[in-house]
Amino acid sequence: MQRNLIVTKDGSHTVTIPEWKVFYHSVHGAVQESLHVYIEAGFNHWWNLHENASNCVVFEMGFGTGLNALLTALEAKRRQGKVFYETVEAFPLEIALVEKLNYCDALEDPFLQPVFDSLHTSEWNSVQLITPFFSFKKVKASLADYIPNEPIDVIFYDAFAPAAQPELWTQPVFEKLFAMLAPGGLLVTYCSKGDVRRAMLAAGFKVEKVPGPVGKREMLRGIKSASRIT
């Protein structure tokens with residue numbers, strides 16, 4: 001599988017798979033997209049709804065470049081709130097490609113480089129303490145084979161687009177994700193297609209249309225009703 005590095009409009013990298021005609025992040029800006037969709041609309045929104053919580057459990061579908069995990073570790077440090085972050089990835093990036101990614105330079109934060117390196121070099125299927133506020137586990141598996149050890153508070157659903165992987169955007173998949181969530185938990189995705197929204201609704205989510213990142217009018221946020229006990 002050929003994977004190429006390209007520079008997006010905010011100066012940060014994304015990866016493309018020409019064979020599948022997919023990009024790991026938006027060509028309008030990889031960092032700005034991840035910050036908007038996963039950090040602001042997902043992670044920070046959950047904390048705003050659960051102000052008394054002392055910890056947050058995050059699950060990411062598709063570790064990919066590691067950008068979403070990196071930004072979450074940075075935000076956990078800023079908030080001084082403990083995060084357990086688990087992610088699945090069936091096809092990890094080659095380290096030679098990872099070493100070329102420029103996210104730490106783009107974010108201009110010296111704290112990030114050792115964190116980013118640890119995310120990619122840490123042992124698979126094993127919990128690692130990356131920072132005092134960020135525990136991390138990556139599982140080399142498909143979503144179908146994944147079973148969480150505890151209820152999830154926030155799901156970053158960052159699968160490739162429905163045109164490339166339609167099997168990952170069906171009602172049964174969202175039913176599994178819904179079951180994984182703790183009461184009061186939420187799922188965010190860049191995708192806003194009508195059939196994806198309907199699949200989420202059928203799975204039990206309360207679905208909100210949220211303004212999208214640069215280059216995209218809308219995104220979706222699904223919520224599992226009821227308050228979380230903290």
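Would you pick out the residues in segment 23-44 that are in contact with a strand residue (DSSP E or B) (Cβ under 7 Å, 6 or more places away or on another chain) and closer than 20 Å to Gly222 by Cβ?
Val37, Tyr38, Ala41, Gly42, Phe43
Condition check ((1) in contact with an Asp or Glu (Cβ under 8 Å, 6 or more places away or on another chain); (2) loosely packed, with under 13 Cβ neighbours inside 10 Å; (3) over 26 Å from Glu150 (Cβ atoms)) across all residues:
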{"position": "Asn52", "(1), (2), (3)": "no, yes, no"}
{"position": "Glu60", "(1), (2), (3)": "yes, no, no"}
{"position": "Phe63", "(1), (2), (3)": "yes, no, no"}
{"position": "Leu67", "(1), (2), (3)": "no, no, no"}
{"position": "Leu74", "(1), (2), (3)": "yes, no, no"}
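I need the strands (runs of 3 or more DSSP E) fully contained in segment 1-96, keeping only those with at least 1 residues that are touching a helix residue (DSSP H, G or I) at 6+ places or on another chain (Cβ under 6 Å).
Result: 13-17, 55-61, 82-88.
Evaluate segment 213-220: report whether one residue or more is touching a Lys or Arg at 6+ places or on another chain (Cβ under 6 Å), at pLDDT 95 or above and surrounded by fewer than 19 Cβ atoms within 10 Å (Cβ to Cβ).
yes
For residues that are over 15 Å from Val115 (Cβ atoms) and of a type outside the set (A, V, I, L, M, F, W, C), tally how many sit in segment 55-78.
Adding up the residues that qualify gives 4.
For Thr121, all conditions in the list (1) surrounded by fewer than 14 Cβ atoms within 10 Å (Cβ to Cβ); (2) of a type outside the set (Gly, Ala, Ser); (3) within 18 Å of Val57 (Cα to Cα) hold save one; what is the number of the exception?
All conditions pass for Thr121, except number (3).
If we keep just the residues of segment 190-210 that are of a type outside the set (Gly, Ala, Ser) and in contact with a Gly (Cβ under 8 Å, 6 or more places away or on another chain), which is nearest to Gln171 (Cα to Cα)?
Met200
The values are calculated or read from the model by the stated rules, or taken from the named source; none is laboratory data. Please read these numbers as outputs of a predicted model, since none were measured by experiment. Don't worry about glycine lacking a Cβ; one is built from the backbone with ideal geometry, like all the others, and counts go over all protein chains shown.
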